[in-house]
């Protein structure tokens, strides 16, 4: 991370100025077609005011076979910092469900 901050040229060339609306050389790269091959329970989380807008993460909900999601009210992209107790509760519930299904 420190190297990227010290010399961001490659990062900005590949991504552009924003990770969520890529306009750099990675703009045509996508993982969407591979999402159906994810074969483990997956939790997709976002904040109500997240930079990652629903159009960004909706394909994950539509294409990953065993997916759950949660949008945290009143938070941005750093829900784990803004509402740590709520974040940990959602993750713990997800993991407990996974453990219960395995046993």
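Do we have any residue at all in the range 85-103 that's at pLDDT 95 or above and assigned to a loop (DSSP other than H, G, I, E, B)?
No: zero hits.
What is the residue count in the range 45-84 for residues that are in contact with a strand residue (DSSP E or B) (Cβ under 7 Å, 6 or more places away or on another chain), under 18 Å from residue 31 (Cα atoms), at pLDDT 95 or above and not in a strand (DSSP E or B)?
Here the count works out to 4.
How many residues are exposed (fewer than 14 other Cβ atoms within 10 Å of the Cβ), in a loop (DSSP other than H, G, I, E, B) and at pLDDT 95 or above when one looks only at the range 24-39?
Here is the first cut: in the range 24-39, the residues exposed (fewer than 14 other Cβ atoms within 10 Å of the Cβ) are 25-34, 36-37, 39.
The next check asks that each one be in a loop (DSSP other than H, G, I, E, B); those that pass are 25-31, 39.
Of the ones still in play, those that are also at pLDDT 95 or above are 39.
So the count comes out to 1.
The values are calculated or read from the model by the stated rules, or taken from the named source; none is laboratory data. Predicted model, so just to flag it, every value in this text is computed and none were measured. Cβ: placed from backbone, ideal geometry, glycine included. Neighbour counts: every protein chain shown.
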